[in-house]
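In what follows, a single structure is set out as structure tokens and then discussed.
Bear in mind that the values in this text are calculations on the coordinates, not laboratory data. This one's a predicted model, so the numbers in the text were calculated from it and none came from an experiment. Glycine also receives a Cβ, built like all others from the backbone with ideal geometry; neighbour counts cover every protein chain displayed.
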Amino acid sequence: DGDGACVMSIRICGRFSDDASAVLTSISVTVPVLDLLVEWHRCGMTADYLADYLAYALERRDLARTVISTAANELLENAAKFSSDKRSIVRAEARLRGGALELEVDNVTDEGHADRLADLLDAIARGDASALFADRLEARERGGLGLIVLAKDYTADLSARIVQQGGTGAFRVTVRASIAADEVEQR
């Protein structure tokens with residue numbers, strides 16, 4: 001329902017809407033998880049590809065490209081690291097919707113990672129990302145720092161849809177980072 005409530009087999013964390021209206025431009029790619037793991041720099045290459053394409057829709061292309069690539073790379077690396085089935089596919093999409101850039105990455109993970117992601121996004125939504133970042137560093141807890149940085153440094157609105165795959169221990173996770181277009185061009 002998009003309001004942050006969790007239901008039995010589908011959990012929505014943050015504001016996650018499937019509204020396709022007002023999409024000005026978009027691009028998506030699919031990549032086998034194993035390709036990303038065998039050649040880690042493919043995460044960056046894929047992020048750069050998405051950024052190169054989408055930056056042309058923005059006035060300050062060089063700045064936009066850097067922000068888009070950085071954010072997309074973080075989401076892609078997380079998907080690669082936390083995919084439970086290394087033979088599965090990661091889908092990445094970048095789109096400009098009105099005044100916002102949306103980056104979305106979809107992968108399959110296990111229940112433990114799905115739960116930790118939901119807990120992290122809830123913590124980010126509840127509080128100050130800078131304080132959460134400092135607390136994690138002080139506790140030497142490194143998990144989720146990249147997502148916290150997206151919220152802290154790029155004021156990204158992070159959300160996720162987590163869907164259990166037919167009673168198995170696998171979950172399809174779609175993580176979305178939404179960043180105001182003017183923020184993308186100000187960095």
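Side notes on the structure shown:
- Span-rule helices in the chain, defined as complete DSSP H runs reaching 20 Å or more along the axis (Cα) with Kyte mean at least -0.5: 41-55, 61-82, 111-126
- Its convex hull of Cα atoms gives region 36-123 a direction-averaged projected area, equal to a quarter of the hull surface, of 6.3 nm².
- Dividing the summed helix terms, -39500 (n - 2.57) for each DSSP H run of n ≥ 4, by the number of residues in the chain produces a 222 nm estimate of -13500 deg cm²/dmol to the nearest 500.
- A Förster radius of 41 Å, combined with the Cβ-Cβ distance separating ILE27 from ALA131, puts the computed FRET efficiency at roughly 0.70.
- Ordering of 83-90, 51-58, 156-163, 32-39 by packing [mean C-beta count within 10 Å, highest first]: 156-163, 51-58, 83-90, 32-39
- Point-to-point label distance, ARG42-GLU183, nm (Cα→Cβ direction, 7 Å offset): 3.1
- Computing Rg/Rh (Cα atoms, Kirkwood Rh) for the structure here picks out one of (i) 1.18; (ii) 1.09; (iii) 0.94, namely (iii).
- Dipole magnitude for region 45-187: about 300 debye, using +1 per Lys or Arg Cβ and -1 per Asp or Glu Cβ, origin at the Cα centre.
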